[in-house]
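A.B. asks: One structure, pasted below without further comment.
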Amino acid sequence: MSTFPWLKGHGTENDFVILPDPDGSVHGDLDAAVVRFLCDRHAGLGADGVLRVIQGDKQSYVEDGGDWFMDYRNADGSIAEMCGNGVRVFVKYLAEAGLIDGKPVRIGTRAGVKEVAQNDDGTLTVDMGAPKLPDAAGIVVEANGHQWSALHVDMGNPHAVAFVDSLDEPGNLCDQPTWTPAAAFPQGVNVEFVVRRGAHDVQMRVHERGAGETRSCGTGTCAVTVAAARQARDELPVTYRVGVPGGEVSVTWRADNHLELTGPAVLHARGEFDRAWLAGI
């Protein structure tokens with residue numbers, strides 16, 4: 001095959017290259033160099049990450065691949081456990097391709113199976129599972145010469161959430177914030193900076209490991225909701241509006257301790273890529 005199909009989509013402007021690969025035969029183990037090339041905003045298609053679409057029983061990465069498995073890679077080619085915006089875009093593709101009906105669908109990820117429902121208003125709702133709060137006291141993140149205490153929230157991938165006076169304070173988040181103790185996040189961490197705008201209403205910026213500053217982070221909005229609700233001592237269930245540079249989402253922390261993420265997903269481009277361009281990568 002001299003070409004392969006691709007699509008582009010985004011969830012609150014967190015954008016992805018989608019690679020349909022139902023039986024897992026087209027892209028093999030998805031070489032990291034190919035991912036970096038596809039995500040390059042000058043030489044490739046440009047994206048924050050790559051979503052490979054595989055039938056759940058055709059993948060070999062996890063024990064339960066769900067109905068469909070989302071093989072997610074960061075823009076730098078590294079493997080990521082989960083992506084809340086990405087999984088909505090993933091299901092949007094499945095729906096528009098006629099591969100699922102209107103019922104909730106089980107999507108396998110490296111952070112477990114996530115159930116995703118399509119809503120009448122065009123948004124999608126993801127059961128993101130229960131947050132974990134590892135015992136990691138004393139975490140401090142630093143950016144732009146400032147330091148803040150941060151809460152470690154694990155949403156299947158690690159997050160450090162810091163409340164700030166102004167979202168300008170962290171400066172250029174293309175640069176990776178640092179953290180102490182270094183041993184708290186041996187595989188790196190997503191760092192969210194948050195301000196309150198009102199009751200149950202917050203705004204955030206994020207540096208995603210492997211991608212830099214992105215316009216949104218789905219698991220990050222969930223981590224921020226957990227941190228904000230704990231800080232406010234909210235009783236469950238509670239719903240937060242979370243603003244991101246690319247829009248806004250709604251996150252509900254349910255009474256059963258699961259988080260539900262609701263937001264849009266858009267597919268806006270598709271085509272075929274010439275494999276010859278990948279030669280020499």
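The values are calculated or read from the model by the stated rules, or taken from the named source; none is laboratory data. Owing to the predicted nature of the structure, the values given are computational and were not obtained by experimental measurement. Methodologically, a virtual Cβ is constructed for each residue, glycine included, from the backbone with ideal geometry; neighbour enumeration extends over all protein chains shown. Just the protein is used for accessible areas: all its heavy atoms, side chains included, with ligands, DNA and RNA removed. Shrake-Rupley method; radii C 1.70, N 1.55, O 1.52, S 1.80 Å.
A.B. asks: Consider only pairs whose beta carbons are under 7 Å apart and that are at least six residues apart or on different chains; among these, list those whose first residue lies in the range 53-64 and is open to solvent by 30 Å² or more (accessible area, probe 1.4 Å) and whose second residue is in a strand (DSSP E or B) and of a type in the set (G, A, S).
C.D. replies: Once the first residue is open to solvent by 30 Å² or more (accessible area, probe 1.4 Å) and sits in the range 53-64, its partners that are in a strand (DSSP E or B) and of a type in the set (G, A, S) give V62/G108; D64/G108.
A.B. asks: Can you give me the number of residues within the range 207-224 that are within 20 Å of D40 (Cβ to Cβ) and in a helix (DSSP H, G or I)?
C.D. replies: Count: 0.
A.B. asks: Which of the following residues is modelled with pLDDT of 95 or more, buried (at least 17 other Cβ atoms within 10 Å of the Cβ) and out of contact with any Pro (no Cβ under 6 Å at 6 or more places or on another chain): G44, G49?
C.D. replies: G49
A.B. asks: Is it true that R88 is closer than 16 Å to E208 by Cα and of a type in the set (D, E, K, R)?
C.D. replies: no
A.B. asks: Inside the range 241-281, can you point out the residues that are among the β-branched types (V, I, T) and open to solvent by less than 20 Å² (accessible area, probe 1.4 Å)?
C.D. replies: Of everything in the range 241-281, those that are among the β-branched types (V, I, T) and open to solvent by less than 20 Å² (accessible area, probe 1.4 Å) turn out to be V242, V244, V249, V251.
A.B. asks: Restricting to the range 252-281, name every residue that is within 18 Å of the chain's Cα centre (by Cα) and part of a strand (DSSP E or B).
C.D. replies: Across the range 252-281, the qualifying residues are T252, W253, L259, E260, L261, T262, G263, V266, L267.
A.B. asks: So the check is Cβ under 9 Å with 6+ separation or different chains; which pairs have a first residue in the range 36-50 that's of a type in the set (V, I, T) and a second one that's in a loop (DSSP other than H, G, I, E, B) and surrounded by 17 or more Cβ atoms within 10 Å (Cβ to Cβ)?
C.D. replies: Short answer, once both residue conditions are applied: V50/L30; V50/A75; V50/G77.
A.B. asks: Here are the criteria: (1) under 23 Å from R106 (Cα atoms); (2) at pLDDT 95 or above. Tell me which single one L30 does not satisfy.
C.D. replies: (2)
Let's see how each residue does on (1) touching a residue at least 12 places away in the same chain (Cβ under 8 Å); (2) open to solvent by 70 Å² or more (accessible area, probe 1.4 Å); (3) over 21 Å from D71 (Cα atoms):
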site: L99; (1), (2), (3): yes, yes, no
site: P104; (1), (2), (3): yes, yes, no
site: V116; (1), (2), (3): yes, no, no
site: D127; (1), (2), (3): yes, no, no
site: V140; (1), (2), (3): yes, no, yes
site: S149; (1), (2), (3): yes, yes, yes
site: H152; (1), (2), (3): yes, no, yes
site: N157; (1), (2), (3): yes, no, no
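A.B. asks: Does any residue of the range 229-240 turn out to be part of a strand (DSSP E or B), touching a His at 6+ places or on another chain (Cβ under 7 Å) and open to solvent by less than 50 Å² (accessible area, probe 1.4 Å)?
C.D. replies: Yes, the range 229-240 contains at least one residue that is part of a strand (DSSP E or B), touching a His at 6+ places or on another chain (Cβ under 7 Å) and open to solvent by less than 50 Å² (accessible area, probe 1.4 Å).
A.B. asks: I'd like to verify a number: residues in the range 3-29 that are hydroxyl-bearing (S, T, Y) and either touching a residue at least 60 places away in the same chain (Cβ under 8 Å) or open to solvent by less than 10 Å² (accessible area, probe 1.4 Å) (or both), how many?
C.D. replies: Final tally of qualifying residues: 2.
A.B. asks: Where in the range 123-197 are there strands (runs of 3 or more DSSP E), lying fully within it, with 2 or more residues that are more than 30 Å from E96 (Cβ to Cβ) and not small (G, A, S)?
C.D. replies: 140-143, 146-149, 151-154, 158-163, 178-180
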